[in-house]
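Worksheet: one structure, shown below.
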Amino acid sequence: MASCSRGFTTLAACACLAAGLCGVDASSPVAQAKPRVAAPDLEQMFDAVNARRLERGLRALTVDSRLMRAAATQAAYLARTGRLEHRGPDGSDVGQRARRAGYQWSRVAENLASSKASSARAVVQMWMNSRAHRTNMLNRNYTEMGGAHVGAVWVLVLARPRQ
């Protein structure tokens, strides 16, 4: 099975994931729960989010390629404009972006960060130190996630599909 090269951008990583070209990283603590993405920073972010959930007796989230696309859209916009906001360039919110990416959700939330932190784990810790962001990550109703990292911008989308 082909795998994505480490030099790809986050958007390319999303394309790789969506095309099914990325393998599964068996060494990851949540290997059964998520496909391998090309960007090690995103793998670290997903692992850190799931580690925090597992510490609290919550289920690990799985990674969804449609949520990856929704996150990548917002991350690219924020990195390009230097803004940090939940509204997209067309006024869209995270729910609208997730739907456009083909994800039919019953619950959805988005965490944003602009940080030159040394690691994805540091960004997740910043979110854990914020009540609203922590509440999103530890919400037992979410079952899936997607993320993106472009420049100093980090986006995490959490959701539960519509039944």
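The values are calculated or read from the model by the stated rules, or taken from the named source; none is laboratory data. What you are looking at is a predicted structure, and each value in this text was computed from that prediction instead of being measured. Glycine also receives a Cβ, built like all others from the backbone with ideal geometry; neighbour counts cover every protein chain displayed. Calculation scope for accessible area: heavy atoms of the full protein, side chains included, ligands and nucleic acids excluded. Shrake-Rupley method; radii C 1.70, N 1.55, O 1.52, S 1.80 Å.
Results, tabulated for the structure shown:
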{"read-out": "Sulfur and carbon atoms: percent of accessible area, the range 37-142 [1.4 Å]", "value": "45 percent"}
{"read-out": "Whole-number accessible area per residue in Å² for the range 76-160, which is evaluated in the context of all protein chains at 1.4 Å", "value": "48 Å²"}
{"read-out": "Heavy-atom SASA rank of Glu55, Glu110, Glu144, Glu85 (probe 1.4 Å, accessible area, largest first)", "value": "Glu55, Glu85, Glu144, Glu110"}
{"read-out": "Test item: Cα-centred dipole of the range 28-147, Lys/Arg +1 and Asp/Glu -1 on Cβ, debye", "value": "180 debye"}
{"read-out": "Trp105 long-range amide H proximity, modeled H, under 5 Å", "value": "Arg162"}
{"read-out": "Environment charge of Ala120, counting only residues whose C-beta is closer than 9 Å and scoring Lys/Arg +1, Asp/Glu -1", "value": "-2"}
{"read-out": "Near-label residues of the range 44-59 by backbone N, under 12 Å of a point 7 Å along Cα→Cβ of Leu138", "value": "52-58"}
{"read-out": "Extension gain (nm, one decimal) between Ala51 and Asn129, 0.36 nm per residue minus Cα-Cα", "value": "26.6 nm"}
{"read-out": "Global form of the range 121-163, assessed from the alpha-carbon gyration tensor, a/c cut-off 1.5", "value": "oblate"}
{"read-out": "Spacing of the two label points (7 Å from each Cα toward its C-beta) at Asp93 and Arg121, in nm", "value": "3.5 nm"}
{"read-out": "Cα gyration tensor, the range 49-147 - rounded (a/c under 1.5), prolate or oblate", "value": "oblate"}
